[in-house]
Amino acid sequence: EEVSRQNFTEACELVTQEDEVAFEELWRHLGLSVDWTLLYATINEHCRRLAQLSFLDLMNKGEVYQTLAPTAWDVDDRTAIAQAETEDRECPGSYHDIRFGIEEGGSFVISTTRPELLGACIAVVAHPDDERYQPLFGKNAIIPIFHAPVPILPTEHADREKGTGILMVCTFGDQMDVEFWKQSGLPLKQLIGRDGRMLPLRYGEPPYESRDPERASAAYAELEGLTVKQAQKKMVELLAQDGSVEGDPRPIQHPVKFYERGTRPLEFVPTRQWFVRLLEHKDALVEQGRKIEWHPPYMRSRYQNWVEGLNQDWCISRQRYNGVPFPVWYPVSSDGEPDYQRPIFAAPERLPVDPLTDTAPGYEESQRDKPNGFCGDPDVMDTWASSSLTPQIISHWKLGPERHRTLFPMDVRPQSHEIIRTWAFYTIVKAWMHEKEIPWRHVLISGWILDPDRKKMSKSKSNVITPEGMLDEYSADAVRYWAARARLGADTAFDPKVFKIGRRLCTKIFNASRFVLLQLDRGGEEAYRLRPTEIVEPLDRAFAARLRALVERAGAALEGFDYAAALQATEEAFWEFCDDYVELVKVRSYSEEDCPGRRSAHATLGLALRTFLRLFAPVLPYVTEEVWSWRFEGEGRLRSIHTTPWPSPEETADAVTSTGADPFVCAVEVLRKVRATKTQSKRSLRWPVSAIEVVGPERDRRTLEQVLPDVLQAGVAEARAVRLVDGPAPEGERFSVQVQLAEES
């Protein structure tokens, strides 16, 4: 059923509004740190105005032009597409060896994968240094079936090693054909229409000359109206009947250009399109890429390789209904044809406009599509023509100069690697063309989510998993944990085991926090006000030093946008805190006596909990906010953990001392060996120890002596049971530890 452009656009807007509600609900559930008062859509009135202003600005700068030229065309969507939207797919094909005649006598063989384009051949070419074909240059070849003469010419792009080394140039088989045709001055023979079917034509008139037009037209009549694939099959049959094909087809696998969302190969079809100049600016655009910090750094080379490999200007017009219209009308001549050489542009203050519903300046609506009247440009802009303005849309470029100066260039662009060639590239193009600026200082490149078989998730493969069920099963924090473990630039597999690890971590944070707060509650309100100056015990001071190093390490990782490294460092230190430090300090923190040892333990536990909660908060916002609200919630910005100051190394400054060996590491090594002995003997961890012999170098033994009381209390051993012996430790360890358990508990 035919639907008007206006009705179709309205339907799209309704669907978009419904999707926006669903997405916002999902993103709020995930806890995205977004200012929900600053929403925009790249198709709303504000964005249409900015996109049309951008078009007019580039038009005034001479960076936009319109031309009728062969353009990459998707025959299913029936629209032009840009180079950035194409992809190579490996497809089956065949080489067909076709014998061409020479007008003065003789013949040669051309190997081609596209025999259906035989009638579109405008020249036969070979490399100028190919001695096999040098005698033929300047002569005419005769195309079989259609009996058409075409020149035999030298060209550098002919590959002597490919096929027979001589090939036909058709209008159009690929981009090389397009480039050759543009420079050759040869005629255009277009066989394939916008619907992907063979066009009607007759031989005998330019440009379809033939030495035997009746036979040529009769042969082509069997191709007319067929799809490309059908025409190829029929042409092979005609060649076989004619005796012009040599041997059997040779099956191959070869890359074929497709629209990234298309199902049939692209064709080159002459159409009138709007283009942005890129090819003459490649060096400048490479330089703009160097001014931006890429994370990970090697992604800059992907950008540079893309720019250097460009072979087309940016086609920004699309033959679709829904999109940003071009603010352009054309006079209609007395014979009813649009005069494309005299476009009428909308005034900036009138934007946004839709030339199919808004009247051209200087005309009446009654003159629309009438001789001596006007017509509106029917095309809309490429999606990326407006999405490339994301920074300017937010900064209100051209509309709010002061706001724009404050916000532009922006700081960070997060995006995936497959759209470096589109979103990143086109955004850099627009910023440079409009203001000779970069759009942002940093670009963060993520990978894809892969399914359990390590294949990219996509709707076409029906292997997409939506987050709603995972949020209900594992929690938002666990889903965020899985996402934050993905390193920049690397693809990440969907693995339910990682969600379970994230959920376990959240549970541990919850339980460990309850334990720490229980200890602090025993010390009363004063325990929550203990400062680092109260951290006096060697074990506590050593752990405070580790906290300081962690804060510095995690902070540096986040400053470099390496959130996965920050999470990993924090997570490893947190489990060390739970499994080792808490066990070592537990007895001292339980002390009924308000002594320096207990205050030191409480001060360290409080410092550690406040630090870990804030380090985890960006990844696990819900559980950390909940725990923070129990005891640490304050006034103003201290009310939420997410507006509380980030932990700084200075918070532990009074507690940290520099020593050669790490007392905490020494304590942990001995305690773990004591516990391992109990586990191997299938005894409780509270089972008493009757004797411990620790062998190690003097430096490490002296360090261990500083924390020995905590080790013995955690290991349930008396001081008299310990014997420290001078001697070498096993490789990679500080001590050799022998443990003897008590006979009875």
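The values are calculated or read from the model by the stated rules, or taken from the named source; none is laboratory data. In this text, all values refer to a predicted model and were calculated from it rather than measured experimentally. Every residue, glycine as well, gets a Cβ built from its backbone with ideal geometry; the counts of neighbours run over all protein chains shown. These area figures cover heavy atoms from the full protein model, side chains too; ligands, DNA and RNA do not enter into them. Shrake-Rupley method; radii C 1.70, N 1.55, O 1.52, S 1.80 Å.
Looking across segment 245-262, the residues that are open to solvent by 80 Å² or more (accessible area, probe 1.4 Å) and within 30 Å of Gln66 (Cβ to Cβ) come down to Lys257, Arg261. Filtering Asp411, Asp369 for residues that are open to solvent by 20 Å² or more (accessible area, probe 1.4 Å) and closer than 30 Å to Asp74 by Cα leaves a single hit, Asp369.
Residues that are at pLDDT 95 or above and not in a helix (DSSP H, G or I) were ranked within segment 646-680; the one that is farthest from Glu552 (Cα to Cα) is Trp646. Of all residues in segment 364-399, those satisfying the criterion of being hydroxyl-bearing (Ser, Thr, Tyr) and either closer than 25 Å to Thr67 by Cα or under 25 Å from the mean Cα position of the chain (by Cα) (or both) are Thr383, Ser386, Ser387, Ser388, Thr390, Ser395.
Table: residues versus (1) over 24 Å from Phe172 (Cβ atoms); (2) among the polar types (S, T, N, Q); (3) at pLDDT below 95.
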residue	(1), (2), (3)
Gly262	no, no, yes
Pro265	no, no, no
Val269	no, no, no
Lys282	no, no, no
Gly289	yes, no, no
Trp306	no, no, no
Leu310	no, no, no
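Looking across segment 397-440, just one residue is closer than 23 Å to Thr383 by Cβ, of a type in the set (Gly, Ala, Ser) and out of contact with any strand residue (DSSP E or B) (no Cβ under 8 Å at 6 or more places or on another chain), and that is Ala431. Answer yes or no as to whether Glu468 is surrounded by fewer than 19 Cβ atoms within 10 Å (Cβ to Cβ) and more than 17 Å from Phe612 (Cα to Cα). It is true that Glu468 is surrounded by fewer than 19 Cβ atoms within 10 Å (Cβ to Cβ) and more than 17 Å from Phe612 (Cα to Cα). With the structure loaded, tell me whether Gln288 is part of a helix (DSSP H, G or I), polar (S, T, N, Q) and open to solvent by 60 Å² or more (accessible area, probe 1.4 Å) or whether it fails that test. For Gln288, the condition - part of a helix (DSSP H, G or I), polar (S, T, N, Q) and open to solvent by 60 Å² or more (accessible area, probe 1.4 Å) - is not met.
If you check Tyr95, Tyr65, which single one turns out to be under 23 Å from Leu188 (Cβ atoms), touching a strand residue (DSSP E or B) at 6+ places or on another chain (Cβ under 8 Å) and either aromatic (Phe, Trp, Tyr) or open to solvent by 20 Å² or more (accessible area, probe 1.4 Å) (or both)?
That would be Tyr65, the only listed residue that is under 23 Å from Leu188 (Cβ atoms), touching a strand residue (DSSP E or B) at 6+ places or on another chain (Cβ under 8 Å) and either aromatic (Phe, Trp, Tyr) or open to solvent by 20 Å² or more (accessible area, probe 1.4 Å) (or both).
Just to be sure before I move on: is Thr507 closer than 30 Å to Thr611 by Cα and free of Cβ contacts under 8 Å to residues at least 24 places away in the same chain in the structure I sent? So Thr507 passes the test.
Here is a yes/no grid of residues against (1) touching a Lys or Arg at 6+ places or on another chain (Cβ under 8 Å); (2) part of a loop (DSSP other than H, G, I, E, B):
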position	(1), (2)
Ser386	yes, no
Ile393	no, no
Trp397	no, yes
Glu402	no, no
Thr406	no, no
Asp411	yes, no
Pro414	no, no
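Of everything in segment 303-331 that is closer than 16 Å to Ile419 by Cβ and surrounded by 19 or more Cβ atoms within 10 Å (Cβ to Cβ), the residue that is nearest to the chain's Cα centre (by Cα) is Tyr303.
Please indicate, with yes or no, whether at least one residue in segment 44-51 is open to solvent by 70 Å² or more (accessible area, probe 1.4 Å), touching a Pro at 6+ places or on another chain (Cβ under 8 Å) and touching a residue at least 12 places away in the same chain (Cβ under 8 Å). Don't jump to the end; show me each part of the working.
From segment 44-51, those open to solvent by 70 Å² or more (accessible area, probe 1.4 Å) are 45; that's our starting set.
If we keep only those that are touching a Pro at 6+ places or on another chain (Cβ under 8 Å) as well, we get 45.
Those left that are additionally touching a residue at least 12 places away in the same chain (Cβ under 8 Å): 45.
There is at least one residue in segment 44-51 that is open to solvent by 70 Å² or more (accessible area, probe 1.4 Å), touching a Pro at 6+ places or on another chain (Cβ under 8 Å) and touching a residue at least 12 places away in the same chain (Cβ under 8 Å).
Listed here are the residues, each with its yes/no results for (1) in contact with a strand residue (DSSP E or B) (Cβ under 8 Å, 6 or more places away or on another chain); (2) among the aliphatic types (A, V, I, L, M).
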site	(1), (2)
Ser640	no, no
Thr643	no, no
Val656	no, yes
Val689	yes, yes
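Out of everything in segment 13-35 that is at pLDDT below 90 and either assigned to a loop (DSSP other than H, G, I, E, B) or touching a Phe, Trp or Tyr at 6+ places or on another chain (Cβ under 9 Å) (or both), what residue ends up being least open to solvent (accessible area, probe 1.4 Å)? Looking at the filtered set, the residue picked out is Val34.
Just one of the numbered conditions (1) surrounded by 15 or more Cβ atoms within 10 Å (Cβ to Cβ); (2) under 45 Å from the mean Cα position of the chain (by Cα); (3) of a type in the set (Gly, Ala, Ser) is not true of Gly696: (2). When Trp294 is tested against (1) surrounded by fewer than 18 Cβ atoms within 10 Å (Cβ to Cβ); (2) outside any helix (DSSP H, G or I); (3) modelled with pLDDT of 95 or more, just one condition goes unmet, and that condition is (1).
Residues are listed down the side, and each one gets a yes or a no for (1) more than 26 Å from Val479 (Cβ to Cβ); (2) over 30 Å from the mean Cα position of the chain (by Cα); (3) modelled with pLDDT of 95 or more:
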site: Glu592; (1), (2), (3): yes, yes, no
site: Thr604; (1), (2), (3): yes, yes, yes
site: Arg610; (1), (2), (3): no, yes, yes
site: Phe616; (1), (2), (3): no, no, yes
site: Val619; (1), (2), (3): no, no, yes
site: Phe632; (1), (2), (3): no, yes, no
site: Arg637; (1), (2), (3): yes, yes, no
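Each row is one residue, and each column tells you yes or no for (1) under 56 Å from the mean Cα position of the chain (by Cα); (2) open to solvent by less than 20 Å² (accessible area, probe 1.4 Å); (3) small (Gly, Ala, Ser).
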| site | (1), (2), (3) |
| --- | --- |
| Lys678 | yes, yes, no |
| Lys682 | yes, no, no |
| Ile692 | no, yes, no |
| Gly715 | yes, yes, yes |
| Val725 | no, no, no |
| Pro730 | yes, no, no |
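Of all residues in segment 87-100, those that are closer than 16 Å to Leu117 by Cβ and in contact (Cβ under 8 Å) with a residue 24 or more places away in the chain have Cβ atoms under 7 Å from Cβ atoms of residues that are surrounded by fewer than 13 Cβ atoms within 10 Å (Cβ to Cβ) and hydroxyl-bearing (Ser, Thr, Tyr), 6 or more apart or on another chain, in Phe100/Ser107. Taking segment 375-408 as the range and being open to solvent by 60 Å² or more (accessible area, probe 1.4 Å), hydroxyl-bearing (Ser, Thr, Tyr) and in contact (Cβ under 8 Å) with a residue 12 or more places away in the chain as the test, only Thr383 passes. Can you work out which of the residues in segment 263-283 that are within 24 Å of the chain's Cα centre (by Cα) and open to solvent by less than 30 Å² (accessible area, probe 1.4 Å) is nearest to Leu68 (Cα to Cα)? Checked segment 263-283; the qualifying residue nearest to Leu68 (Cα to Cα) is Val276. Report whether or not Asp212 is more than 30 Å from Lys459 (Cβ to Cβ) and either at pLDDT 95 or above or within 39 Å of the chain's Cα centre (by Cα) (or both). Yes; evaluated as a whole, the condition is true for this residue.
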